[in-house]
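Throughout, read-outs are computed from the coordinates displayed, never taken from laboratory work. Note that this is a predicted model, so its numbers are computed, not measured. Here the Cβ is made from the backbone with ideal geometry for all residues, glycine too, and neighbour counts use every protein chain on show.
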Amino acid sequence: MRQGLRQRLQHIGARSVLSAAIFLAAWPIRAQQPDAAVVNKVDAMVHARFDSVASFTVTEHYAVFRSGDETHPAAEMTVKTTYRKDTGKSYEMVSESGSTVIRKFGLEPLLENEKRVNDPANREASWFTTANYEMKLKTGVTEQIGGIECVALEISPKQKAPNLIYGTIWVDAKDGSIVRIEGTGSKSASMWTGPAHVVRDYARFSGYMQATHARAETDSSLFGKTVVVIDYTDYQVQLTPAK
């Protein structure tokens, strides 16, 4: 009788171990599937946007705030931006006011950097894709951003550059379009400041996401706290003709 009981217990134990082994083997696969599905959508939508948007124009308003005062801009600039897939971005000055120093050494280099980032030779290096980032689903729970059901992905750049961030992107749960980004630059753009903390929101125009509002904050012992706020209005988007 004791021998039979021992055999039954061993059999139960073996089944338990086998069940646990099967569970542990299957768990990583189940855990990774949602990540892969969402990340694949993000990659596909970034490339679809690039392929589909032939050009656009947009009015961009830049406001710079200093020393914690976000009610009175120290400098402002409004430009009309033109993007063309084959050439990148160009800017036409509409108006500017406030500190000449801030405009010359802050805003104008910012526009030049945007030109550089969007140059056809460089632009893919800053895309939010798996070519540039490790991406991991933060939670399976969706949240509403701008009326869109979104999921959040934690992103880590594969190399350090001022235009690559550590942070989070929120993407449309249906198609993977980027709705919001938030994070800190992986490298400082200047020897005088630390990496910028950035937030950027997007909305859909002609079927594809475009930036509508952005905020970048830097801090340094030399310049103190500086905040740049950008608002994007009056998009005119031209899509690539269907073949």
### Query
Taking the mean number of other Cβ atoms within 10 Å as a proxy for protection, how do you rank 112-118, 52-58 from highest to lowest?
52-58, 112-118
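At 0.36 nm per residue, and after removing the present C-alpha to C-alpha distance, how many nm does the segment from residue 110 to residue 143 gain when stretched out fully?
On the way: separation 33, 0.36 × 33 = 11.88 nm, distance 3.22 nm.
Extending this stretch completely gives an extra 8.7 nm.
For 91, 232, which order do you get if you count the other beta carbons within 10 Å of each Cβ and list the fewest first?
Values: 91 16, 232 20.
The fewest-first ordering by Cβ neighbours comes to 91, 232.
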#### Entry: Residue order, fewest to most beta carbons within 10 Å, for 155, 148, 165
148, 155, 165
### Task
Would you mind computing, in nm to one decimal, how far apart the modelled labels at residue 101 and residue 160 are, each placed 7 Å from Cα along Cα→Cβ?
2.9 nm
### Message
From the phi angles alone, apply the Karplus equation (6.51, -1.76, 1.60; θ = phi - 60°) to region 136-145 and give each ³J(HN,Hα) in whole Hz, x where the residue is Gly or Pro.
### Response
9, 4, 7, 7, x, 7, 8, 9, 7, 10
### Message
5 Å is the cut-off here: which amide hydrogens, built 1.01 Å from N in the peptide plane, fall below it relative to residue 145, excluding neighbours closer than 5 in sequence?
### Response
150
### Summary
Sequence order, region 94-109: Karplus ³J(HN,Hα) from phi using 6.51 cos²θ - 1.76 cosθ + 1.60, θ = phi - 60°, Hz rounded, Gly and Pro as x, gives 9, 7, 7, 7, x, 4, 5, 4, 5, 5, 6, 9, x, 6, 5, x
### Message
Once you compute Rg and the Kirkwood Rh from C-alpha atoms, what is the Rg to Rh ratio for region 92-143?
### Response
1.21
### Query
Translational D (Stokes-Einstein, µm²/s) of region 27-172 at 4 °C and 1.567 mPa s when Rh comes from the Kirkwood sum over C-alpha pairs?
73 µm²/s
